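Enquirer: Dropping a structure here in structure tokens format, bear with me for questions.
Taken together, the values in this text are just the output of simple stated rules run on the coordinates, not laboratory data. All of these numbers come straight from a predicted model, not from anything done at the bench. All Cβ positions, even for glycine, are placed from backbone atoms using ideal geometry, and neighbour counts span all protein chains on display.
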Amino acid sequence: MPRTPNEFAVHIMINGGHREEIRFPTIQDFQKWYSTELVPKSGSSEFISVPIKNIQGEYMVVRPTAVMALRVEPVFSGSVDRGY
């Protein structure tokens with residue numbers, strides 16, 4: 001039986017070496033943000049909003065031209081602590 005991720009951590013690598021992590025509840029939520037916000041404005045230097053749903057009262061904006069890479073990682077919650 002395949003495991004289902006509880007959420008997806010998206011690591012954004014930004015020009016200049018800065019890194020940010022945001023989380024999406026489903027892969028579809030990430031794909032929607034990616035295809036409607038980031039991709040259409042990929043050549044723009046105007047700010048776009050990055051959803052930070054797990055931190056109340058904070059927001060983040062980024063210039064799409066400054067995004068160098070994205071890494072999407074499924075996050076599984078479980079009852080066993082596997083902190084290595």
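Enquirer: For the chain, what does the relative contact order come out to in percent, with C-alpha contacts under 8 Å and a separation of six or more?
Expert: Normalised by residue count, the contact order of the chain is 39 percent.
Enquirer: For P(r) over Cα pairs in 10 Å bins from 0, in percent, one of (i) 13, 22, 22, 27, 13, 3, 0; (ii) 16, 46, 27, 10, 1; (iii) 19, 47, 23, 9, 2 was computed from the structure I shared and the rest are decoys. Which label?
Expert: Label (ii) holds the value from this structure.
Enquirer: As a test of the formula, what do you get for the chain when each DSSP H run with n ≥ 4 contributes -39,500 (n - 2.57) and the sum is divided by the residue count, at 222 nm and rounded to the nearest 500 deg cm²/dmol?
Expert: Here the helix-only value at 222 nm equals -2000 deg cm²/dmol.
Enquirer: OK, next. Can you tell me the length gained on complete extension of the stretch Lys41 to Arg3, counting 0.36 nm per residue apart and subtracting the Cα distance?
Expert: Computed gain between Lys41 and Arg3 is 10.3 nm.
Enquirer: Moving on to the next point. What's the extension gain from Ile14 to Glu73 if we count 0.36 nm per residue and subtract their Cα-Cα distance?
Expert: Taking Ile14 through Glu73 to full extension adds about 19.5 nm, to one decimal.
Enquirer: So how do Tyr59, Tyr34 line up by other beta-carbon neighbours within 10 Å, fewest first?
Expert: Tyr59, Tyr34
Enquirer: Please rank Ile12, Ile27, fewest neighbouring Cβ atoms within 10 Å first, as an exposure proxy.
Expert: Ile27, Ile12
Enquirer: Separate question: Computed FRET efficiency, Cβ-Cβ of Thr65 and Lys32, R0 25 Å: what is it to the nearest 0.05?
Expert: 0.70
Enquirer: Given charges of +1 on the Cβ of Lys and Arg and -1 on the Cβ of Asp and Glu, with all other atoms neutral, how large is the dipole of the chain about its Cα centre, in debye to the nearest 20?
Expert: Dipole size: approximately 140 debye.
Enquirer: Would you mind ranking Arg23, Arg71, Arg63 so that the residue whose beta carbon has the fewest other beta carbons within 10 Å leads the list?
Expert: Ascending Cβ contact count within 10 Å gives the list Arg71, Arg63, Arg23.
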